[in-house]
Amino acid sequence: MCLEQRLDMPVQTTTQLNLSSDRAISLFSEGAKLYDLPAEHTGSRLKVVSPFGEILVEADDPGARVTVSAPDRAKLYALQETIDHALEEIGASESLNWSEAEAGSLPGNMSVARVEWCKRISPSYFRVRLSDPDLERFARDGLHFRLLFGPFGYAGEWPFIAETGRTVWPGGASAWHRPVYTTRYVDPKAGILEFDVFVHEGGKVSQWCESVQAGEEVALMGPGGDWYPEAGWLGLVGDETALPAIARILEAASPATRGVAVIMTSHEDDIQALRCPDGMAIKWLRREGAETLLDALDRLDLPETDRLVWFAGEKSEAAAARERMTALGLNKHECRATAYWIR
């Protein structure tokens, strides 16, 4: 296997690891396998290619050197943070010192936008519109992003890059609330992004939606997560939290796409008019009804080839969905099951 050098990687950062080169290469090889990423191991050198850029791990006596390359700062930062987190889990992140750090700047994939409006669009959903010229990237690379809400006493303070190239979270990273949402609509030229919030008791973002005013600032990081699933036949199955993602996937699907979308709702008035290809059927389930999402998954009329089944919902349901997808004869390239929340 030979992974060609990509030329569209104008930004780069490096760091030394306090790990042996064998240990470092083993760690990144395991990560590549976990995420099904192409990797090339030659002697004391490992190259991993991801959708966001490239990671090069090389022996550098007495340890190892990691070089991360990407097309832009947002992707570079996303890869760097993934590496930081992985090394943190094994207690090897304390000595990290990334090169090319822009000390004092915002993280590369973070934007501070203004709220244009927030309105209740149905009994179970708010819709929020944000504006900022820096929102263009949310039209590509990933369907999701994180909102950032700082701890009490740190209003108006945002994460920033330290001299080491690592992120400083005022009040401590664990004190920040960083929920994930789906970009429901984005206009790159106008710098506008909209997302929907499912209303639930005790939800911090639901409470924020109740009181937020036009003109207020909010920070978001991303994009991230999967991009549009593509196949000749799509089966989309999800609960209330998955409705924004399913809606966006349907709108982006090729006109020739066939299949079905099954969506759970909490209230009859939450049913939305969704644009989709003529060959896609939409079925709405009610939360109090007899049929569950897993029932709907079992009843999919799957074609033999060119198919993909996508499921999103509560964590335990997503785990069960993975098992049922396997039982339906789907291989790992023909199905996705994602937990959007935990009961």
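The values are calculated or read from the model by the stated rules, or taken from the named source; none is laboratory data. Here the structure is a predicted model, which is why all the values come from computation and not from measurement. No Cβ is skipped: glycine too gets one built from the backbone with ideal geometry, and neighbour counts run over all protein chains shown. Side chains are part of the model used for accessible areas, which takes the heavy atoms of the whole protein and leaves out ligands, DNA and RNA. Shrake-Rupley method; radii C 1.70, N 1.55, O 1.52, S 1.80 Å.
Residues 275, 258, 287: which one is over 25 Å from residue 224 (Cβ atoms), basic (Lys, Arg) and either open to solvent by less than 80 Å² (accessible area, probe 1.4 Å) or at pLDDT 95 or above (or both)? Please lay out each step first, then the result.
Numbers: 275 fails: over 25 Å from residue 224 (Cβ atoms); 287 fails: either open to solvent by less than 80 Å² (accessible area, probe 1.4 Å) or at pLDDT 95 or above (or both).
Every option except 258 fails the conditions.
Which of the strands (runs of 3 or more DSSP E) found entirely inside region 188-304 contain at least 1 residues meeting this: acidic (Asp, Glu)? Give the derivation first.
Numbers: elements: 192-198, 217-224, 233-238, 258-265, 279-286.
Output list reads 192-198, 217-224.
Hey, can you tell me all the residues within region 165-178 that are assigned to a loop (DSSP other than H, G, I, E, B) and either modelled with pLDDT of 95 or more or loosely packed, with under 14 Cβ neighbours inside 10 Å (or both)?
169, 170, 171, 172, 176, 178
Which of the residues spanning region 55-72 are crowded, with 20+ Cβ neighbours inside 10 Å and of a type outside the set (Ser, Thr, Tyr)? Working first, answer last.
Residues of region 55-72 crowded, with 20+ Cβ neighbours inside 10 Å: 55, 57, 64, 66, 68-70.
Within region 55-72, 55, 57, 64, 66, 68, 70 qualify.
Every condition in (1) touching a Phe, Trp or Tyr at 6+ places or on another chain (Cβ under 6 Å); (2) farther than 23 Å from residue 206 by Cβ; (3) touching a residue at least 12 places away in the same chain (Cβ under 8 Å) holds for residue 168 except the one numbered (3). Remark: pairs (first residue in region 47-59, on the phi > 0 side of the Ramachandran plot; second residue surrounded by fewer than 19 Cβ atoms within 10 Å (Cβ to Cβ); Cβ separation under 8 Å; 6+ apart in sequence or on different chains) = 53/9; 53/71. Among the residues of region 110-137, those identified as open to solvent by less than 40 Å² (accessible area, probe 1.4 Å) and within 17 Å of residue 243 (Cα to Cα) are 122, 124, 125, 126, 128. If you go through region 30-54 and keep only what is open to solvent by 30 Å² or more (accessible area, probe 1.4 Å) and outside any strand (DSSP E or B), you end up with 30, 33, 34, 35, 36, 37, 38, 43, 44, 51, 52.
Taken over region 305-343, the criterion of being of a type outside the set (D, E, K, R), out of contact with any Cys (no Cβ under 9 Å at 6 or more places or on another chain), open to solvent by 30 Å² or more (accessible area, probe 1.4 Å) and not in a strand (DSSP E or B) is satisfied by 305, 316, 319, 327, 329, 331, 333, 342.
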